[in-house]
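Have a look at the structure below before the remarks.
Derivation of every value follows stated rules applied to the coordinates shown; laboratory data play no part. Because the structure is a prediction, the values reported are computed rather than measured.
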Amino acid sequence: MLSVCACRRDDRIETCRVPKGAELAMPMASQASAPIGDAVPEMNVMGAEMGLTAAASPNEIAWKTPKGWVEQAPSAIRLGSFIIKGENGQTADISVVPLSGEAGGDLANINRWRGQIHLPPITPAELTQNSQTISPGGRSMLWVDFVGAEPLMQSRYKKRVMAAIYHRGGRTWFFKMLGEDTTVRQAKSSFMQFLKSLRFNEA
């Protein structure tokens, strides 16, 4: 498994370096929809189990880390990883994951995320009603925002997922925030600023 170098840590623009990625196949939603522990970053778990690696070239991306985001060590699949602390000890996990090609397709990944918060899958015909196009920094991204129907965290708090999918240069970039409902909702503004701050460089 290829490793990922650490990023510079502060509020300045950060540049991450990773080795060139390998081709991979993403699981279908039904294969990866089991709930993950509250504090376990699910993309790290999936990457470790499947032997996935980030598919990005050195110096390909830079960003400005929002205030209050606590940077975590990157992994074989994550270029960026952050934790946001909310009220009552609740948290949200943010990940930056580049994968090769279509990475299994937008719908399959969206349905996998829905499964993680115990929502049923949607059909291709329902994708339009459950997503929208956003343009942070002038880049067109597919945006989804889902909240679970039942409390999954400590049997008291609902889970919410917000994510942007960006297709660029034969890769699919996933920018995802998953965690306690209120914490995620309150961090939406900083998440959007993070997306707007992204800078992509030539490989």
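Data overview
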| quantity | calculated |
| --- | --- |
| Full-extension gain in nm, S155 to K85, via 0.36 nm per residue minus C-alpha separation | 23.3 nm |
| Where the Cα pairs of the range 36-200 fall when distances are cut into 10 Å bins, in % | 10, 41, 40, 9, 0 |
| Anchor K196: lysines whose Cα lies under 18 Å away (excluding residues fewer than 8 positions away in-chain) | K64, K67, K176, K188 |
